[in-house]
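Asks: A single structure is presented below for examination.
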Amino acid sequence: MKTYMAAISLVLFWFAIFSHSIADQAFDVRQHLSTVTGYGAVKDVGCVSLEKSSIHEGCTPIHLNLVARHGTRSPTKKRMRELDRLASHLEGLIRDAKEQNLSLQKVPTWLLGWESPWRDKLKGGELISKGEDELYDLGIRIRERFPDLFKEEYHPDVYPIKATQVPRASASAVAFGMGLFSEKGSLGPGHHRAFAVSSESRASDIVLRFYDCCESYKDFRKSQEPGVDKLKEPILDEITAAIVSRYELNFTRQDTASLWFLCKQEASLLDITDQACGLFNPSEVALLEWTDDLEVFILKGYGKSINYRMGVPLLEDVVHSMEEAIKAQEEQLAPGSYEKARLRFAHAETVVPFTCLLGLFLEQSEFQKIQREQPLELPPRPPHSRNWWGSTIAPFAGNNMLVLHSCPANPSSKYFIQVLHNEHPITMPGCNNSDFCPFEEFKIGPESPSPVLSA
């Protein structure tokens, strides 16, 4: 019996080792960078819940709303200076180790003499070529997916494109439009055409930059940021101790935070995963990603109702555009005389609250709490499962599409809305966990056109 049990234990031991090895091989850090994740890395991740939509037979799309985040961008000037400080501190750590005649055998060679890839840049935050491709390709895919919506001759009243005044958002709108309207004009070998992108002033853009216009939110965020930092500290300390032991350099908590930021930039922007990211093992990456996701949850997501309630003007704009499309359909207006799609390009601070207004990524019990404006529990620490992933909710170029369908043969409702998150159908708890929701049910309540906001 003892021999048998020993054999079983040995099998289980090697199975655990083998499973861990396979998990490490399958782990792609580019899918675990929270909201710094590139669109291509996660566009098709986490969409197994609803690959087949519940669109009724005989329904046709008549209008589309898009709310998209800008594409992949370079680090901001502030964060580039942080990387410069990291380079100086790493240089000091290496120098101190040499002066003390300490071995550097465990130190990765790339750390010796490392300089930031952005050290000579004077400005930052702009859309990079990868981000241009993300939006350009998205425009092409949307046109191919909904050909009847985009067959009209271009006019800014038929296909209005709106962006915030921040250049990376407007540049994203341009890249998207170039894809959407490619081969529709006579400009150059690509047969491009000119199109308009409109913006509101930053100071008064309550539709796409509501977080800048809401003083109550600014006060709330300022009050919460120290607490978020406190939540992160134990994880940073735990991982700092681990990498100090692993590489025998006296890294600080700030070094760990900056190295994690560098990892995200290298992996997402430069496709480099074996330098800064290579300092951390998969479980440490999971913890660092979780701390970022906590911050997004608390300061932009379901952590407090003000985070998403301030986005109601955007949701009202979406609903109003649908009502106008229904009116045009009922009045049988001539094609080309009314709006077919409203296309918006903004930021994570826009997309995350809008996603919450739709009630996405919630369990039914959590949805009921949101209806009563009760706080939700924080996303659980890994390895526990969770629905809240910044990499899925708002990666670079992350988006929500609301497609209005006409269903003349349906006995209960003539108009339905399909919700697509990152181009995939997704269920809404407020619509009986369906992605295909009767329009009147979607806009429940005269004052709050949202299943989430209607109690």
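The values are calculated or read from the model by the stated rules, or taken from the named source; none is laboratory data. Everything numeric in this text was worked out from a predicted model, so none of it was measured. Glycine gets a Cβ as well: all are built from the backbone with ideal geometry, and neighbour counts include every protein chain shown. The accessibility values were calculated without ligands, DNA or RNA, using every heavy atom of the protein model including side chains. Shrake-Rupley method; radii C 1.70, N 1.55, O 1.52, S 1.80 Å.
Asks: Here are some residues: TYR136, TYR154. Which one is open to solvent by 50 Å² or more (accessible area, probe 1.4 Å) and aromatic (Phe, Trp, Tyr)?
Replies: TYR136 is the lone residue from the list that is open to solvent by 50 Å² or more (accessible area, probe 1.4 Å) and aromatic (Phe, Trp, Tyr).
Asks: How many residues does region 158-173 hold that are open to solvent by 10 Å² or more (accessible area, probe 1.4 Å) and in a strand (DSSP E or B)?
Replies: Number of matching residues: 1.
Asks: For region 243-256, which residues satisfy the criterion of being open to solvent by less than 30 Å² (accessible area, probe 1.4 Å), in a helix (DSSP H, G or I) and either among the charged types (D, E, K, R) or in contact (Cβ under 8 Å) with a residue 24 or more places away in the chain (or both)? So that I can check it myself, show each step before the final result.
Replies: Start the filter on region 243-256 by keeping residues that are open to solvent by less than 30 Å² (accessible area, probe 1.4 Å), which leaves 243, 247, 249, 251, 255-256.
Imposing the further condition that a residue be in a helix (DSSP H, G or I) reduces the set to 243, 247, 255-256.
Passing the criteria: ILE243, TYR247, ASP255.
Asks: With (1) surrounded by 14 or more Cβ atoms within 10 Å (Cβ to Cβ); (2) touching a Gly at 6+ places or on another chain (Cβ under 9 Å) as the list, and TRP110 as the residue in question, which single condition is left unmet?
Replies: Every condition holds for TRP110 apart from (1).
Asks: Continuing with this model, one more query. I'd like to verify a number: residues in region 198-233 that are among the aliphatic types (A, V, I, L, M) and within 20 Å of LEU315 (Cα to Cα), how many?
Replies: Number of matching residues: 4.
Asks: Here's another thing I want to ask about it. Could you grab the pairs with beta carbons closer than 9 Å, sequence gap of 6+ or different chains, first residue in region 145-160 and under 11 Å from SER337 (Cα atoms), second one of a type in the set (Val, Ile, Thr)?
Replies: So the pair list comes out as GLU152/VAL158.
Asks: Can you spot a residue in region 108-119 that is of a type outside the set (Phe, Trp, Tyr) and part of a helix (DSSP H, G or I)?
Replies: Within region 108-119, the subset of a type outside the set (Phe, Trp, Tyr) is 108-109, 111-113, 115-117, 119.
Within this subset, residues satisfying the condition of being part of a helix (DSSP H, G or I) are 109, 111.
Scanning region 108-119, I find at least one residue that is of a type outside the set (Phe, Trp, Tyr) and part of a helix (DSSP H, G or I), so the answer is yes.
Asks: When you look at GLY131, is it modelled with pLDDT of 95 or more and of a type in the set (Gly, Ala, Ser), yes or no? I'd like the intermediate steps shown before the answer.
Replies: Details: modelled with pLDDT of 95 or more: yes; of a type in the set (Gly, Ala, Ser): yes.
So GLY131 fits the description; yes.
Asks: Is it fair to say ARG95 is open to solvent by 20 Å² or more (accessible area, probe 1.4 Å), in a helix (DSSP H, G or I) and under 12 Å from LEU262 (Cα atoms)?
Replies: When the stated conditions are applied, ARG95 does not pass them.
Asks: Could you count how many residues in region 186-231 are of a type in the set (A, V, I, L, M, F, W, C), in contact (Cβ under 8 Å) with a residue 24 or more places away in the chain, open to solvent by 50 Å² or more (accessible area, probe 1.4 Å) and in a helix (DSSP H, G or I)?
Replies: Result for region 186-231: 1.
Asks: Output the residue which, of all residues in region 266-287 that are part of a helix (DSSP H, G or I) and in contact with a Leu (Cβ under 8 Å, 6 or more places away or on another chain), is surrounded by the fewest Cβ atoms within 10 Å (Cβ to Cβ).
Replies: So, considering only residues that are part of a helix (DSSP H, G or I) and in contact with a Leu (Cβ under 8 Å, 6 or more places away or on another chain), the one surrounded by the fewest Cβ atoms within 10 Å (Cβ to Cβ) is LEU279.
Asks: Only one of LEU376, LEU333, LEU362 is more than 26 Å from GLY71 (Cβ to Cβ), part of a loop (DSSP other than H, G, I, E, B), aliphatic (A, V, I, L, M) and without any contact (Cβ under 8 Å) to a residue 12 or more places away in the chain. Can you tell me which?
Replies: LEU333
Asks: Touching an Asp or Glu at 6+ places or on another chain (Cβ under 8 Å), modelled with pLDDT of 95 or more and part of a loop (DSSP other than H, G, I, E, B) - does that describe any residue in region 40-54?
Replies: Checked region 40-54: no residue is touching an Asp or Glu at 6+ places or on another chain (Cβ under 8 Å), modelled with pLDDT of 95 or more and part of a loop (DSSP other than H, G, I, E, B).
Asks: Restricting attention to region 62-91, report how many residues are open to solvent by less than 10 Å² (accessible area, probe 1.4 Å), in contact with a helix residue (DSSP H, G or I) (Cβ under 7 Å, 6 or more places away or on another chain) and farther than 16 Å from HIS347 by Cβ.
Replies: Adding up the residues that qualify gives 5.
Asks: Further, regarding this structure: Going by the structure shown, is SER391 in contact (Cβ under 8 Å) with a residue 12 or more places away in the chain and surrounded by fewer than 21 Cβ atoms within 10 Å (Cβ to Cβ)?
Replies: For SER391, the condition - in contact (Cβ under 8 Å) with a residue 12 or more places away in the chain and surrounded by fewer than 21 Cβ atoms within 10 Å (Cβ to Cβ) - is not met.
Asks: So which of GLU324, GLU295 is charged (D, E, K, R) and surrounded by fewer than 18 Cβ atoms within 10 Å (Cβ to Cβ)?
Replies: Exactly one of GLU324, GLU295 is charged (D, E, K, R) and surrounded by fewer than 18 Cβ atoms within 10 Å (Cβ to Cβ), namely GLU324.
Asks: With respect to PHE176, determine if the residue is within 21 Å of the chain's Cα centre (by Cα), surrounded by 18 or more Cβ atoms within 10 Å (Cβ to Cβ), under 23 Å from GLU144 (Cα atoms) and in contact (Cβ under 8 Å) with a residue 24 or more places away in the chain. Spell out the reasoning first.
Replies: Working: within 21 Å of the chain's Cα centre (by Cα): yes; surrounded by 18 or more Cβ atoms within 10 Å (Cβ to Cβ): yes; under 23 Å from GLU144 (Cα atoms): yes; in contact (Cβ under 8 Å) with a residue 24 or more places away in the chain: yes.
Against the criterion (within 21 Å of the chain's Cα centre (by Cα), surrounded by 18 or more Cβ atoms within 10 Å (Cβ to Cβ), under 23 Å from GLU144 (Cα atoms) and in contact (Cβ under 8 Å) with a residue 24 or more places away in the chain), PHE176 qualifies.
Asks: Given the options THR291, THR350, name the one that is under 19 Å from HIS32 (Cα atoms) and either out of contact with any Ser or Thr (no Cβ under 7 Å at 6 or more places or on another chain) or basic (Lys, Arg) (or both). Give the derivation first.
Replies: Details: THR350 fails: under 19 Å from HIS32 (Cα atoms).
Testing whether each residue is under 19 Å from HIS32 (Cα atoms) and either out of contact with any Ser or Thr (no Cβ under 7 Å at 6 or more places or on another chain) or basic (Lys, Arg) (or both) leaves just THR291.
Asks: Among PHE396, PHE345, which is in a loop (DSSP other than H, G, I, E, B) and surrounded by 22 or more Cβ atoms within 10 Å (Cβ to Cβ)?
Replies: Values: PHE345 fails: in a loop (DSSP other than H, G, I, E, B).
It is PHE396.
Asks: In region 343-381, what residues are within 15 Å of the chain's Cα centre (by Cα) and hydroxyl-bearing (Ser, Thr, Tyr)?
Replies: Once the filter is applied, which keeps residues that are within 15 Å of the chain's Cα centre (by Cα) and hydroxyl-bearing (Ser, Thr, Tyr), region 343-381 yields THR350, THR355.
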